[in-house]
Structure formats: C-alpha cells, structure tokens
Amino acid sequence: MWRIDGDEPKPLTTSALPAEKDLHEFLKRDPSLLGERLLVIGSEVITPYGSRLDLLAVEAEGNLNLLELKRDKTPREVVAQVLDYGSWASTLSRDDILDIATKHLDQPFEAAFEDVFGSAPPDELNGELSLTIVAAELDASSERIVNYLRDFGVPVNAVFFSYLEDDGRRYLARSWLTASDDETPTATTGSKKSKRAAWNGKDWYISFGGGDRVWEDARQLGFVSGGGGKMWSQDMRSLPKDARIWVNVPPMRYVAVGRVLAPASRFEDAEVRVAGNWTPLAAQSLQGSYSGDPATEDDNAEWVVPVEWIDARPLDAGFWEKGMFASQHSACKLRQEFTLGRLADHFDIDDGE
C-alpha cells in the first residue's frame, strides 16, 4: 500500500499489531472486516474438549463460519485446531446453536439476525460449514497446507490483516488466501441432530393480502384465501382440516389465529359458516374482489379456506416484533419457536387451543 504525494508513491510502513487479541476484538465487534455480512453468535466458545473457539458466526443462509486466530501457533497447530473445531461444529443442532447465541447476544437471536440480514433466520441452521484461519500474517507453510486441503474439498480458507501506520494514522489491510469469487468448497454437515426447526404438526403461517383481497372480509366471514399463480394456489390447497393458522397481513402484522374447518375450494364453490350455517361465500357482501371465473385454470384460481377464528383483530391492532417469521408463501408450516412463542403470548393462546 502506497500513499501518493505528488508524483512520488510513498510506501506505508507495515507494523505488527499491538496484540493479536486486538484483531479478535475488531472482528467480534465488526465481522464485516472480512468482507461479508456475518452475525457473531459466540466468542471464546467452549467446546466439549475444553478448548475455546475464537469466534463463531452465522451467514445469511444460516450456515456457520468458524474463525480461529493463528496467534503464536505453528501452521500445523492452527490447521489441526480449526479442523478439530469443524468436526465439533458439524454436529451442532439448531437448538445447540440457539443456546450458544443466547449466551453471547444481548437480544434474541432472531432479532439480532434481522438487524444484520434484514429478515428472519431460515428454518435450517448449520446446513453447511466454513472454516477460516485469521492471522496477522500468513506464512508459506500455512498457505501450502490450506491450499492442499481445499484441493480435497475441505471448506477452509485463510485471511490475514496487515497493520499499517502513516503520519499517526493506523490502518488495517485485508487479504484472503483464496478470493471470495473463486470456487469455495463448503462442508455439508451430516449429523443426525436436527439442523432445522422442528414442526409441531399443527401450526401454519398464512399471508393474507395482495390483489384486491380485504382483511375485513376474511375477519367477518371466517376465511383465508390465496391464488393467482401456482405457488399461492398450491399453498392454500395444502392446508389440512383442523390446522391452526396464524395470519399475517403484509407488510408485517399478525392479526389472527384460527382453526381450519375444511379443505380449500375454488372461490365460486367456496362456503363459509355464517351464524352456524354453511353459505356460499360468493353470495356474501364483500368489500374485496376475488377471482371466481370458472374458466380459470386451478393453478390461477382463487382458493378459499373456511376458518373458525380463535382471535381475529382489525388491521390497526396488528402485532409485529423484530425477528418474527414472514414469507411470500400464502401458506406454509410455521416452525420458528421465537415467532410461535411471541404470538402465543400476544394472543393469549396455550397448546390446548
């Protein structure tokens, strides 16, 4: 790195970091120094073998990234250490990861994840694994070992930071052994422990909105609907009788919880229960517009699911908390414990309902 003074480039002075622990703290506070978005969920994480992993982070896709500082270790020691940590991390279940995150973060994992990535975490955590050796400098021996392992598909890389000074200013410069746009191996974890949020067999997420659908129609008459494309119509048709549904009206507000009374049917054939009696939905006074053309193919039709509301509220009473689950699907299984817990508390629902 050079500074340009007039026509003469002046090389900056490279110095050793005051302490390699400083680099640990820099990355702990701001892992974007590595050039990618990461959420650090653990620092000095104690493994079952008594050793401590320097930093454990998660990527937007829910994959784990293990960061191990070289410090004063020899190349063989640091590579062996990071591989050992990888063998342990590959066995971590979703619950294990949430436990680690809870101890490190000052807010729920789901909220911290949304702060960094702008969305709720995926259902599956730790599907793949990346191992990163962090060093103030990287010697030739470490480079040879890491490149050799990568040739065999081991998901390991190395990054080193140069510390520079210039007229009282201090700089960090980063270099990856293998560029991020190169083909990077990743390890698919193979543990039998669940990496995906468990589903309780009854709770479903509903996104009600889009087009000319009106929530007050659904709230007053007891139904949800979706369609206008294969993905959304198939979602509605997948809802089973007696499923418990939690309704989110986009962009982000949960307004209701209810129980499915019958499988989905096309709008022109749909019936809802009014005053205890089944009656055609199309015969009701509706504020919204719902496609009921019999000539429309099933995949593009509007599909209606009749619902008995346990609690259904107007839009201005909608509920949302950072980190809660949302999806573009009109219906899908709701797995996330954080969202289910917050909804149960808000709507005062217990597992018996």
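The values are calculated or read from the model by the stated rules, or taken from the named source; none is laboratory data. Since we're looking at a predicted model, the values are computed, not measured. Here the Cβ is made from the backbone with ideal geometry for all residues, glycine too, and neighbour counts use every protein chain on show. Side chains are part of the model used for accessible areas, which takes the heavy atoms of the whole protein and leaves out ligands, DNA and RNA. Shrake-Rupley method; radii C 1.70, N 1.55, O 1.52, S 1.80 Å.
What the table below lists for this structure:
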| read-out | value |
| --- | --- |
| Binned Cα-Cα distances of region 285-353, short to long, each 5 Å bin given as a whole percent | 3, 10, 16, 22, 19, 11, 12, 6, 2 |
| Diffusion constant of region 59-140 at 10 °C, which comes from Stokes-Einstein with the Kirkwood Cα-pair radius and 1.306 mPa s, µm²/s | 112 µm²/s |
| Positive-end extreme of charge dipole, region 254-343 - chosen from 326, 270, 286 (charges on Cβ) | 326 |
| Residue-wise HN-Hα coupling along region 324-341, computed from phi with Karplus coefficients 6.51, -1.76, 1.60 (Hz; x: Gly, Pro) | 6, 6, 8, 8, 7, 5, 6, 7, 7, 5, 9, 9, 6, 4, 4, 5, 4, x |
| Stretch gain in nm, segment residue 333-residue 202, where the contour uses 0.36 nm per residue and the Cα spacing is subtracted | 46.3 nm |
| Label point 7 Å beyond Cα of residue 293 along Cβ direction - residues of region 216-246 with amide nitrogen under 17 Å | 227-230, 233 |
| The chain, helix-only ellipticity at 222 nm - DSSP H runs n ≥ 4, -39,500 (n - 2.57), divided by all residues, nearest 500 | -7000 deg cm²/dmol |
| Carbon and sulfur %, accessible surface of region 265-353 computed with the full protein complex present, 1.4 Å | 43 percent |
| With Cα atoms, 0 to 90° folded angle of helix 94-104 axis to the chain main axis | 60 degrees |
| Distribution of pairwise C-alpha distances over region 110-172, 10 Å bins, in % | 16, 27, 26, 26, 4 |
| Shape of region 80-187, Cα gyration tensor, a/c cut at 1.5 | oblate |
| Å² per residue, accessible surface of region 1-110 at 1.4 Å | 51 Å² |
| Accessible area (Å², 1.4 Å probe, nearest 10) - residue 1 | 110 Å² |
| Contact order normalised by residue count of the chain, Cα under 8 Å, 6+ apart, percent | 15 percent |
| Region 65-139 and region 232-270: distance between their alpha carbon centers, rounded to Å | 38 Å |
| Computed lengthening from residue 33 to residue 77, 0.36 nm per intervening residue step minus Cα-Cα distance | 13.4 nm |
| Cβ-Cβ FRET estimate between residue 320 and residue 216, R0 fixed at 22 Å, reported to 0.05 | 0.70 |
| Long-range tail of P(r) for region 208-286 (Cα pairs > 17 Å, %) | 46 percent |
| Nitroxide proxy distance, nm - points 7 Å out along Cα→Cβ at residue 26 and residue 167 | 2.1 nm |
| Orientation-averaged projected area, Cα convex hull of the chain (nm²) | 24.8 nm² |
